[in-house]
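The values are calculated or read from the model by the stated rules, or taken from the named source; none is laboratory data. Computed from a prediction, not measured in an experiment: that's the story for all the values here. Reconstructed Cβ throughout: ideal geometry from the backbone, glycine too, with neighbour counts over all protein chains shown. Note: areas computed on protein heavy atoms with side chains; ligands, DNA, RNA excluded. Shrake-Rupley method; radii C 1.70, N 1.55, O 1.52, S 1.80 Å.
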Amino acid sequence: MEPNNKIKITVITIYAASLVAFGFIVDTPYEIAAGLLRILTRPDTLVTDYIGVGGMGAAFVNSGLLTLMFIFILYKLKLNYSGVTIAALFTISGFAFFGKNIVNVWVIVLGVFVYARFQKEKFAKYVYIALFGTALSPLVTEILFSDIWSLSMRIVVSVLIGLAVGFILPPLSTFLLRAHQGFNLYNIGFTAGIIGTMFVSVFKSYGFFPESQMIWSTGNNFTIACYLAVVFISMIVAGFYLDRDSLSKLKNIFEYPGRLIEDFVFLEGIGPTLVNMGLNGIIATTYVIIVRGAINGPTLAGIFTIVGFSAFGKHCRNIIPIFIGVFLGSLTKVWAINDPAILLAALFGTCLAPIAGEFGWIYGVIAGFVHSSVVLNVGILHGGTNLYNNGFSAGLVAAFLVPVINAFRKEEVE
Amino acid sequence: MKHVNKRLCKIVDEVFTYFLNIGANDITVNFKDKDDHYQINLKCNYTSMNKKKLDKLIKYINHPKSEEMEEYYWELAGESDIDTELTLVGMMTDDKTIEVTEDTIEIKLKRYKKS
């Protein structure tokens, strides 16, 4: 392990632990235990806001515990923390408010582990695919908590499906990168969308229809915004503390297009990366507040995912055009800017940031504009079983837009 | 490990594309399959290359070997001609040397067969 890896692990662990601590500040242990029980014993298809299901305390504790568990696994695997590590862990933290929990993710992780063993390789090689791949956890719980068969049958089938999903994720996720050439940062979202579509198509052929839902809590903006403000400001302060040159290096970060693979931790160091993460967290939270959206489980997932990928491709210059694209869409299309699906489209749609970074802000606006329509139309394919529905949509948008943009514009490599 | 040959081709493809994009018109690729490793040497001429670009090249290629990143992202190498994936080349190789003269760049890459 490299020497400053300990610093990175410590910083990320503190943020994960702060989620648990905040959970215990806002709710009593009894409320948290009861809330966790509710979260763990129900289907998780889109959109299941864990704050709405189990309360704020339980949702934060679930998020913090799950992140700490994955931090422990990465520690045991002796991995050096890079931009993708931070992106993966914050994605876990975020989606643990909105579909992933301390029980339902493990079967898929086990599936990836079995694949590694099958290939006679170390699990460490596939660990990031395993972390991101937990997006399909609702596929497991949708069967487990349905009423179609006996409990023992449901356990067997849901475990088998989880293992199968984990097993096919590594080859598929690598192969599908070529479709969008790294212009969709949520590549596993694209992969999971394809897998979810295949599985749900087979389910439907046998008369089983996964049910989408809409659990969307409101009224917690002030409390959660206070927590987020402390977290994001502390990231900026920590970033400057760890590297006094963070400001000049932050300017370097703004120059990267952000296309996969642009690892800001390797390229500029952990200090400026933390500043970038804090800055983008503030921008994303401010966006939700300005459009009068709710800060809840799903939007927290969007905000945390932006923060995580601010170590691996996102910065304010390439995400703001996406926000503008979605906003312009709201002026001309039939929905409102703070509708739940559109709020999520703006936050998660920033996975198309590399299009703005590589081709210019106007193409980023177009990408956001197109994405906000496509994302509303693809969820039905996988029946809400892919938590990264926006990643699925963004993969399609990037695969469609990039060749078209290239046809009109071609530049030399930098 | 799967697709060993294709991965080697991707490494060459990525660096070769980069050389073409900086205006090289004389490129040599030398590949050797040795007992315990593969040796890939690529050399090109160049006419104008500012220091910033050169520093970037050296920084990207010198990315430490990273099996977990390679396993997920190797398919991206050599895929795009508008942007580089030179960090992937660094992640996919164990030893790397870059020699720059007034008019040539030579990159020597070693990739061990067993990690």
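Annotations
- Per-region count, region B:77-94, residues acidic (D, E) and in contact with a strand residue (DSSP E or B) (Cβ under 9 Å, 6 or more places away or on another chain): 1
To keep it simple, each residue is scored yes or no on (1) within 14 Å of another protein chain (Cβ to nearest Cβ); (2) farther than 23 Å from A:Y128 by Cα; (3) modelled with pLDDT of 90 or more.
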{"residue": "B:Y38", "(1), (2), (3)": "no, yes, yes"}
{"residue": "B:C44", "(1), (2), (3)": "yes, yes, yes"}
{"residue": "B:S48", "(1), (2), (3)": "yes, yes, no"}
{"residue": "B:K53", "(1), (2), (3)": "yes, yes, no"}
{"residue": "B:K59", "(1), (2), (3)": "yes, yes, yes"}
{"residue": "B:H63", "(1), (2), (3)": "yes, no, yes"}
{"residue": "B:V89", "(1), (2), (3)": "yes, no, yes"}
{"residue": "B:D94", "(1), (2), (3)": "no, no, yes"}
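- Filter result for A:I253 (among the hydrophobic types (A, V, I, L, M, F, W, C) and out of contact with any strand residue (DSSP E or B) (no Cβ under 6 Å at 6 or more places or on another chain)): yes
- Lone qualifier among A:I224, A:I233, A:I195 - being in contact with a His (Cβ under 9 Å, 6 or more places away or on another chain), among the β-branched types (V, I, T) and either under 30 Å from A:V20 (Cβ atoms) or touching a residue at least 60 places away in the same chain (Cβ under 8 Å) (or both): A:I195
- On the stretch given as region A:36-50, residues that are in a helix (DSSP H, G or I) and either touching a Cys at 6+ places or on another chain (Cβ under 9 Å) or over 22 Å from A:G302 (Cα atoms) (or both) total 2.
- Given (1) over 30 Å from A:N377 (Cα atoms); (2) within 14 Å of another protein chain (Cβ to nearest Cβ); (3) not hydroxyl-bearing (S, T, Y), index of the condition A:V84 fails: (1)
- Condition check for B:E14: of a type in the set (D, E) and either touching a Lys or Arg at 6+ places or on another chain (Cβ under 9 Å) or at the interface with chain A (Cβ under 8 Å from one of its Cβ atoms) (or both): no
- Here B:I105 meets the list (1) over 30 Å from A:V404 (Cβ atoms); (2) of a type in the set (A, V, I, L, M, F, W, C); (3) in contact (Cβ under 8 Å) with a residue 24 or more places away in the chain; (4) within 12 Å of chain A (Cβ to nearest Cβ) almost entirely, failing just condition (4).
- Qualifying residue in region A:56-64 (condition: among the aliphatic types (A, V, I, L, M), open to solvent by 10 Å² or more (accessible area, probe 1.4 Å), under 20 Å from A:A21 (Cβ atoms) and more than 14 Å from every other protein chain (Cβ to nearest Cβ)): yes
- Residues (facing chain B (nearest Cβ under 9 Å) and among the hydroxyl-bearing types (S, T, Y)) located in region A:87-133: A:Y126, A:Y128
- Flag for B:Y18 being in contact with a helix residue (DSSP H, G or I) (Cβ under 7 Å, 6 or more places away or on another chain) and under 30 Å from A:F132 (Cα atoms): no
- Region A:324-345: number of residues that are open to solvent by 60 Å² or more (accessible area, probe 1.4 Å) and in a helix (DSSP H, G or I): 5
- Pairing residues of region A:47-68 that are under 23 Å from A:H382 (Cβ atoms) with residues that are open to solvent by 20 Å² or more (accessible area, probe 1.4 Å) and assigned to a helix (DSSP H, G or I), at Cβ distances under 6 Å and at least 6 apart in sequence or on separate chains, gives A:V53/A:R38.
- Subset of region A:1-17 [surrounded by fewer than 17 Cβ atoms within 10 Å (Cβ to Cβ) and either part of a helix (DSSP H, G or I) or at pLDDT 95 or above (or both)]: A:K6, A:I7, A:T10, A:T13, A:I14, A:A17
- Those helices (runs of 4 or more DSSP H) lying entirely in region A:187-305 with at least 1 residues among the basic types (K, R) and either in contact with a helix residue (DSSP H, G or I) (Cβ under 6 Å, 6 or more places away or on another chain) or open to solvent by less than 50 Å² (accessible area, probe 1.4 Å) (or both): A:246-255
- Checked against (1) within 14 Å of chain B (Cβ to nearest Cβ); (2) open to solvent by 10 Å² or more (accessible area, probe 1.4 Å); (3) among the hydroxyl-bearing types (S, T, Y), A:T41 passes all but a single condition, namely (1).
- Meets criteria (closer than 25 Å to A:G297 by Cα and touching a residue at least 12 places away in the same chain (Cβ under 8 Å)) for A:L401: no
- When each of A:V375, A:V402, A:V365, A:V397 is tested for being within 14 Å of another protein chain (Cβ to nearest Cβ) and surrounded by 22 or more Cβ atoms within 10 Å (Cβ to Cβ), the lone residue that passes is A:V402.
- Within region A:127-153, considering residues that are closer than 27 Å to A:P298 by Cα and hydroxyl-bearing (S, T, Y), the one surrounded by the fewest Cβ atoms within 10 Å (Cβ to Cβ): A:S146
- Residues that are within 14 Å of chain B (Cβ to nearest Cβ), under 14 Å from B:E71 (Cα atoms), touching a residue at least 24 places away in the same chain (Cβ under 8 Å) and open to solvent by less than 50 Å² (accessible area, probe 1.4 Å) occur at least once in region A:162-169.
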